[in-house]
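Below: one structure, written as structure tokens.
The values are calculated or read from the model by the stated rules, or taken from the named source; none is laboratory data. Everything numeric here is computed off the predicted structure, so don't read it as measured data. In this analysis, Cβ positions are derived from the backbone assuming ideal geometry, glycine residues included, and neighbour counts consider all displayed protein chains. Heads up: the accessible areas ignore ligands, DNA and RNA and are worked out on the full protein's heavy atoms, side chains in. Shrake-Rupley method; radii C 1.70, N 1.55, O 1.52, S 1.80 Å.
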Protein chains: 4
Amino acid sequence: MSFNSFGRLFRVTTWGESHGPAIGCVVDGCPPGIALSEADLQADLDRRKPGGSRFVTQRREPDAAKILSGLYEGVTTGTPISVLIENVDQRSKDYGDIARGFRPGHADWTYFAKYGVRDPRGGGRSSARETASRVAAGAIARKVLGEAVVIRAAVVQIGPHRINRARWDWAETANNPFFAPDRGIVPVWEGFLDEVRKAGSSTGAVVEVEAQGVPAGWGAPVYGKLDADIAAALMSINAVKGVEIGAGFGAAELSGEANADEMRMGADGPEFLSNHAGGVLGGISTGQAVVARMALKPTSSILTPRRSIDVDGQEVEIATKGRHDPCVGIRAAPVAEAMLACVLADAFLQHRAQTGGGAFRPGGEGRS
Amino acid sequence: MSFNSFGRLFRVTTWGESHGPAIGCVVDGCPPGIALSEADLQADLDRRKPGGSRFVTQRREPDAAKILSGLYEGVTTGTPISVLIENVDQRSKDYGDIARGFRPGHADWTYFAKYGVRDPRGGGRSSARETASRVAAGAIARKVLGEAVVIRAAVVQIGPHRINRARWDWAETANNPFFAPDRGIVPVWEGFLDEVRKAGSSTGAVVEVEAQGVPAGWGAPVYGKLDADIAAALMSINAVKGVEIGAGFGAAELSGEANADEMRMGADGPEFLSNHAGGVLGGISTGQAVVARMALKPTSSILTPRRSIDVDGQEVEIATKGRHDPCVGIRAAPVAEAMLACVLADAFLQHRAQTGGGAFRPGGEGRS
Amino acid sequence: MSFNSFGRLFRVTTWGESHGPAIGCVVDGCPPGIALSEADLQADLDRRKPGGSRFVTQRREPDAAKILSGLYEGVTTGTPISVLIENVDQRSKDYGDIARGFRPGHADWTYFAKYGVRDPRGGGRSSARETASRVAAGAIARKVLGEAVVIRAAVVQIGPHRINRARWDWAETANNPFFAPDRGIVPVWEGFLDEVRKAGSSTGAVVEVEAQGVPAGWGAPVYGKLDADIAAALMSINAVKGVEIGAGFGAAELSGEANADEMRMGADGPEFLSNHAGGVLGGISTGQAVVARMALKPTSSILTPRRSIDVDGQEVEIATKGRHDPCVGIRAAPVAEAMLACVLADAFLQHRAQTGGGAFRPGGEGRS
Amino acid sequence: MSFNSFGRLFRVTTWGESHGPAIGCVVDGCPPGIALSEADLQADLDRRKPGGSRFVTQRREPDAAKILSGLYEGVTTGTPISVLIENVDQRSKDYGDIARGFRPGHADWTYFAKYGVRDPRGGGRSSARETASRVAAGAIARKVLGEAVVIRAAVVQIGPHRINRARWDWAETANNPFFAPDRGIVPVWEGFLDEVRKAGSSTGAVVEVEAQGVPAGWGAPVYGKLDADIAAALMSINAVKGVEIGAGFGAAELSGEANADEMRMGADGPEFLSNHAGGVLGGISTGQAVVARMALKPTSSILTPRRSIDVDGQEVEIATKGRHDPCVGIRAAPVAEAMLACVLADAFLQHRAQTGGGAFRPGGEGRS
């Protein structure tokens, strides 16, 4: 019941504060015999890395991941994989003035209330810097899943500006600093975010993440549901305030007829005529793409002073100087991918445990 | 890592199928010395019970809960509390014609794919009947939390029809068959649901649940976050496709200034000028009301035939006769309360474990 | 982290007090598609049942197990299996006089100290009656393991009287009321136990349990070791005070040369020239028989008055009337089998999760 | 259900191989506000450190522990504590000749069978080097428990030579290289171990560990028993083959009268006239000293060639050169202390979670 671990069989424990000497994670339960290198982790870490454009924090971190255990001659051994990422660009003085005050909308207050003591430097454990460890773990999870499962995320809304889903092109997400799948939204977001940034303000966002190639049968009723695990995994990401699967909140408005994803028999098994379910029914994967979205609130670190109190109970006004993401949702896209990868790797192992793996196919005989 | 358990310290395991002899739950980790009776469970069970109006399933179940262990002379002993609820009104013939086909939008297909074998009678384990066990457990959780914590839920949207939040009155939820907090919406929903019911169709809904009286400090970073646990707990309820905390998806559109819940110092500690956070920051309770919403899809059991396949891979058309909720979201309100109660009871115990309980107060000395 | 559950993937939760209406268990994580009936459980329950000879408690319980969920048409569905065993022969008056006093060597005192409230009737939750639930779960575990794995236990010592291991014959365990594998010890134990019983005294015992047919590769370093799990499982049985694997405490006296189990290559894989390891090395099964022993203390319920105190802090003398096992170790043999079966079923599922199952064979290519 | 973690609330995850770049652990769930420094860890690590006498391995490791997270200004913050210990004195060539063969009595074979791939350098993950991480975690656990709980271990048997318990003096354990509490046994063990060492052989040992100052009420029925947790924790230590609590295997020979620890009322609560229970009844602490023993087998690395096979299935003879402990039991004393400390810290937090802490006292009113 570790607070800083997630996953049941593919189990990730992260540690570290924003301005401590390092952060990292331990991945336990990884199957043996999988080729893995630090370069595999680096590719994903680089996508999340700060400093990549003027729209994200200017902190400069190489985010170079070292693997300290669990590998032998380039292959996983089945023992725990310890990953360490040094913190290089701490500037704790930036935070000196908020060490005693509670930024409205930030975890400053709740950490104080709970623990009495907290590391205020850069938000300590509550900093989004922790998500680098998730991305490292997610890269390992992808290796467990193999190439048949493709996981990718896109930002679909920044502030009030939504993409045009008709123009969705996954390839575009690599061509702009926003992970936008819609080329047309890019100038809109640039203009909007430049305003936000210049005003010392911040804005929220929505990220969509999907996994293609997930076979039917992963997940489990009733509290080990695949979608319940996804909901917890995404909601645990900093600043996330909402999670939905498939049609999500929109499903509330649908009729049963509209919501039902009709099925036909295809050459390789069942085929669906729609995917309102987002690839999950009864907590178990259907064989369609698993689709989830998460909403992120605006960063609480803003230049405009807000009314608050401090550890002494004094009423104060707080404005955040220092370096921050004006829209933390942007860099959350690779984090969402990582969390979905970890949940799926875990679901894969759990399914294999209980059933031996594979799925029953209509008209077939036993498991595929 | 039990699939059919949830909670870390206040741990609930449920079992049972819709048309088996009984359903039930085992609640482990309950503190000793709490007065508890079967009547305490019954009050909540009666609110969830089928057959209460023409807008819910006509199955007649007394849902009489028996407590088989963990009590001595009316008081909890700290040992596991086993609750048993007999199934009385099974009509398995109603389901005979769908034993081999997969209802679109239902768990029929995924249970088959995963297990090969399933209990098709009434949906078996995937039936909403399982939620009676949750409500029984939730009633015990309320006792653990005590009267200072008040948990209640309301239906805020049915199909496309939303309540007017300006007319919110908690007292109204007991005066209509919809748990509606807005008297004005009742005739609208009546008319809408009568149409849905007569058409043999179904519709989705949104339920809002809140807990007042939760002290600051419950929950834990980073994967044991209070909101992550709430997200998983609500997403595990049948038909739920989306979960949000506080401002939720709306937070994506807010500026940092608008989203920040400013703080002032009150007589009893910090006071907040708004609650976009929904009572949770950094995964830890703020001391404000904890507010969550969940979206439920329309019931998949509808009279209009839909295209599907069966266990033999044959293409078929499926319509569901039998008894069903046209809007499963209605009876989900007490279930949402129960799940939130269980999550909070668990968070209370976890907080007490790590810290001894209580919270630091600004300007105070040590824990309250 | 449920107190009343054990196992990671094959997960058993038990509930119930000695003199409550019933006891039972919920088995979660059982693979689907396994033929199972109440009769399968009954066979093992009958071996543990009280009242079988004059050497065990005279309480009369049919121990008839009902399966309430998780089965459909005689086959497991992968959903939780709920087992209920009614208590029939409660005589709570027998315990009236000890409701306030603490029997020396009994859990009376510790339950009071921990909980303040306890069910004193028949020892409540601390009664050996709880082990019937373990035996029911163990019977399900045996089905998961299949016929290739044979688990059996024998009593090897009662009080100071040990069997002659040279005369070991498993078949004999069914021919006497002591589960003795050595026919020669039976009259010795009869005489000894008749004396103990007539004196209103009690005695300890040692039980040996082994599993044949366990393939190499089950278990996991470093805290999920197969032998660590066995140690916890056996130590959790009432009255057990010691557990050993293979050579056990005797290994402390051995030289490295004597202790090493040399290996040769057999037709079906490695063969060992001895089994000091008890079938486990580095926490992982070797392919040899898994062998464990557990020591049980004498029952604390004795007729001779012992000095103690009561809930009011008064000094008292306590003697136990009522019905009791003079040697609780006898009926512990089927319980040890059940616990080993559960641990192995769990290890099997865990191994399959991480590796896909099977084992590498020297000179082979990949997993068998 | 992490394989490389233990503890429920005070949760320790270790990682690292004998000859990798480093080993370490992450301690999650530690209460906030506890003064802690690297020096606190070092004191215990130095007691376990190799190279301290001619009777232990000559590998030279400073075992300098670095704390990378979870501390702020010398105080725990409640977030995970990451400890890193670099490996300095690897000599992997020593192991080159056994990379393909399986040492009899060693985990070589079982790791190969399970994983197919393994790190053979120094035993990889199965090396006793991993226990340094346990000792670091145990030092943190001691801080959680505070000074009122005193945990210490002694070696009570090496090979066939047992201490004279009548001469027990805890102070002596610091005066000899064996952690012997009996000054008289020291020359005997010196002579015996010199012979063993010169012969290139090895020998087993028994370690006794106790905790004084543990209040009544820690632990929980039925599978979260304090003694079951201790059994698993000790059995998980390398080379341990047996565990006992209190009278242990000796209890099997006792009568109920002899085994019962009679109670009288003392000034500070119940007093016991003996401690056959080893401080645990019904899985819950009694308030007496918690006493456990563990038996360790002889090291499997010996100079005398033993018959075995290799990864190709070839029959070979294996002798271990390199550096090894002739009696791994010696350095296991601080490891046993560490494991008991971790189990007790965990039990303390669990007890506080469920009950709020404290214990009922006979004649008292409510919890102390």
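Loop-only GluC sites (Glu not before Pro) in segment A:117-172, please: DSSP not H, G, I, E or B, and at most 10 other Cβ atoms within 10 Å. Intermediate values should be presented prior to the final figure.
Details: sites: A:GLU130, A:GLU147, A:GLU172; in loops: A:GLU147.
Counting only loop positions with at most 10 other Cβ atoms within 10 Å, the GluC sites (Glu not before Pro) in segment A:117-172 are A:GLU147.
Report the net charge of residues surrounding C:ALA205, where surrounding means a beta-carbon distance below 13 angstrom and charges are Lys +1, Arg +1, Asp -1, Glu -1. Don't jump to the answer; show the numbers that get you there.
Numbers: positive: C:ARG162, C:LYS241, C:ARG293, C:LYS297, C:ARG331; negative: C:GLU208, C:ASP325, D:GLU253.
Here the charged neighbours net out to +2.
Between C:ARG306 and residues 5 or more places away or on another chain, which pairs have amide H atoms under 5 Å apart, with H built 1.01 Å from N, and which residues are they?
It is C:ILE318, C:ALA319, by chain and number.
Could you pull the copy-to-copy label distances for C:ASN175, with points set 7 Å along Cα to Cβ, in nm to one decimal and sorted shortest first?
5.9, 8.2, 8.5
Rounded to the nearest 500 deg cm²/dmol, what is the calculated helix-only ellipticity per residue at 222 nm for the protein assembly as shown, with -39500 (n - 2.57) per DSSP H run of length n ≥ 4? All intermediate terms of the calculation are to be shown ahead of the outcome.
On the way: 28 runs with 344 residues, N = 1472.
Helix contribution divided over all residues of the protein assembly as shown: -7500 deg cm²/dmol.
Within 10 Å of each Cβ of A:32-45, how many other protein chain Cβ atoms are there on average? Don't skip to the answer; put the middle values down first.
Values: counts 9, 8, 1, 0, 0, 0, 0, 0, 0, 0, 0, 0, 0, 0.
That average works out to 1.
Could you work out how far apart the two model spin labels at D:LYS66 and B:ASN275 are, taking each label as a point 7 Å from the Cα in the direction of the beta carbon, and quote it in nm?
So the label points at D:LYS66 and B:ASN275 sit 4.6 nm apart.
For the protein assembly as shown, what % of the accessible area comes from carbon and sulfur atoms, probe 1.4 Å?
Values: 21330 of 42980 Å².
Ligands and nucleic acids excluded, carbon and sulfur reach 50 percent.
Given springs between every Cα pair under 10 Å in a Gaussian network model of chain C, which of C:MET263, C:MET294, C:MET235 has the largest fluctuation?
Evaluated over chain C, the most mobile residue of the options is C:MET263.
Would you mind getting the accessible area per residue of segment C:200-253, heavy atoms of the protein chains only, 1.4 Å probe, in Å²?
Values: 720 Å² over 54 residues.
Solvent-accessible surface per residue comes out at 13 Å².
Taking chain A as the reference, fit the longest principal axis to its C-alpha atoms, fit the long axis of helix A:226-235 to the helix C-alpha atoms, and give the angle between the two in degrees, 0 to 90, nearest 10.
Value to nearest ten degrees: 10.
Can you classify segment C:105-175 as rounded, prolate or oblate using the Cα gyration tensor, where a ≥ b ≥ c are the square roots of its eigenvalues, rounded means a/c under 1.5, and otherwise it's prolate if a/b beats b/c and oblate if not?
Oblate shape, in that a/c is at least 1.5 and b/c is the bigger or equal ratio.
Mind checking the log10 I(q)/I(0) for chain B at q = 0.06, 0.07, 0.15 Å⁻¹? Debye, one equal scatterer per Cα, no solvent, two decimals.
With one equal scatterer per Cα and no solvent, log10 I(q)/I(0) is -0.24, -0.32, -1.38.
Hey, what D do you get for the protein assembly as shown in µm²/s if you plug the Kirkwood alpha-carbon radius into Stokes-Einstein at 25 °C and 0.890 mPa s? Present the calculation step by step, with values, prior to reporting the outcome.
Details: Rh = 32.5 Å.
It comes out at roughly 75 µm²/s.
Run the Debye formula on the Cα coordinates of segment C:274-348, all scatterers equal and no solvent, and tell me log10 I(q)/I(0) at q = 0.27, 0.28 1/Å.
-1.24, -1.26
Could you run the Karplus curve 6.51 cos²θ - 1.76 cosθ + 1.60 with θ = phi - 60° over segment B:111-117 and give me ³J(HN,Hα) per residue in whole Hz, x for Gly and Pro?
So the J values, rounded to whole Hz, are 5, 4, 4, 6, 9, x, 10.
For an R0 of 41 angstrom, estimate the FRET efficiency from the Cβ-Cβ distance between A:GLU147 and D:ALA99 and round to the nearest 0.05. If you can, show how the numbers build up before the last one.
Details: r = 31 Å, r/R0 = 0.76.
Computed FRET efficiency for A:GLU147 and D:ALA99 comes out at 0.85.
Treating the angle as unsigned and between 0 and 90°, give the value, to the nearest 10°, between the Cα long axis of helix C:186-198 and the longest Cα principal axis of chain C.
So the helix axis and the longest Cα principal axis differ by about 30 degrees.
Compute the helix-to-body angle for D:332-355: its Cα long axis versus the longest principal axis of chain D, expressed 0 to 90° and rounded to tens.
The answer is roughly 40 degrees.
Tell me which residues come under 5 Å, amide H to amide H, from A:ILE284 once H is placed; ignore anything under 5 positions away on its chain.
Residues meeting the criterion, in which the H sits 1.01 Å from N, are A:LEU226.
What are the distances, in nm and sorted shortest first, from the label point of C:ALA64 to the label points of the same position in each other copy, with each label point placed 7 Å from Cα along the Cα-to-Cβ direction?
Spelled out, the distances from C:ALA64's label point are 2.1, 7.3, 7.4 nm.
Label-point separation (nm) for B:GLN212 and D:VAL188, each offset 7 Å from Cα along Cα-to-Cβ?
Those two pseudo-labels are separated by 7.4 nm.
Checking buried surface per residue: for segment A:113-153, which residues lose a minimum of 10 Å² accessible area in the protein assembly relative to the chain alone (1.4 Å probe)?
Listed in order, they are A:ALA113, A:LYS114, A:TYR115, A:GLY116, A:VAL117, A:ARG118, A:ASP119, A:PRO120, A:ARG121, A:ARG125, A:GLU130, A:ARG134.
Tally Lys and Arg at +1 and Asp and Glu at -1 over the other residues with C-beta under 13 Å from the C-beta of B:ILE158: what net charge comes out? Don't jump to the answer; show the numbers that get you there.
Values: positive: B:ARG162, B:ARG197, B:LYS297, B:ARG331; negative: A:GLU253, B:ASP182, B:GLU190, B:ASP194, B:GLU195, B:GLU208, B:ASP325.
Neighbour charge sum, excluding B:ILE158 itself: -3.
Determine the gain in length on full extension of the stretch C:ASP268-C:GLU195; use 0.36 nm per residue of separation and subtract their C-alpha separation, reporting nm with one decimal. It would help to have the intermediate numbers written out before the result.
On the way: separation 73, 0.36 × 73 = 26.28 nm, distance 5.04 nm.
Stretched fully, the C:ASP268-C:GLU195 segment lengthens by 21.2 nm.
For segment D:62-70, in order, what is each residue's ³J(HN,Hα) by Karplus, 6.51 cos²θ - 1.76 cosθ + 1.60 with θ = phi - 60°, in whole Hz (x at glycine and Pro)?
x, 6, 8, 8, 10, 9, 9, 6, x
Using a 10 Å cut-off on Cβ to Cβ distances, tally the other chain neighbours for every residue of D:346-353 and report the average as a whole number.
On the way: counts 2, 0, 1, 7, 6, 2, 7, 15.
Going residue by residue through D:346-353 and averaging, the value is 5.
Inter-copy label distances at D:GLY51, 7 Å along the Cα→beta-carbon direction, one decimal in nm, shortest first?
Sorted ascending, the copy-to-copy spacings read 3.7, 6.9, 7.8 nm.
One-quarter of the Cα convex hull surface for segment A:201-325, in nm²? Don't jump to the answer; show the numbers that get you there.
Numbers: hull surface 45.3 nm².
Mean orientational projected area (segment A:201-325, Cα hull): 11.3 nm².
To the nearest 100 Å², how much accessible surface do chains C and D cover up together, summed over both, with a 1.4 Å probe?
9400 Å²
Between B:ARG367 and D:ALA171, what is the spin-label point distance in nm, taking each point 7 Å from the Cα along the Cα→C-beta axis?
3.8 nm
What's the average, rounded to a whole number, of partner chain beta-carbon atoms within 10 Å of each residue's beta-carbon in A:210-218? If you can, show how the numbers build up before the last one.
Numbers: counts 0, 0, 0, 0, 0, 1, 5, 7, 3.
The per-residue average across the peptide is 2.
For segment C:303-334, which trypsin sites (Lys or Arg not before Pro) are in a loop by DSSP, counting at most 14 other Cβ atoms within 10 Å?
Working: sites: C:ARG306, C:ARG307, C:LYS321, C:ARG323, C:ARG331; in loops: C:LYS321, C:ARG323.
Passing sites in segment C:303-334 are C:LYS321.
Could you tell me the distance between the Cα centroids of segment D:120-195 and segment A:208-282, to the nearest Å?
55 Å
Hey, how many Å between the Cα centroid of segment D:322-343 and the Cα centroid of segment C:16-32?
Using only Cα atoms, the two centres lie 39 Å from each other.
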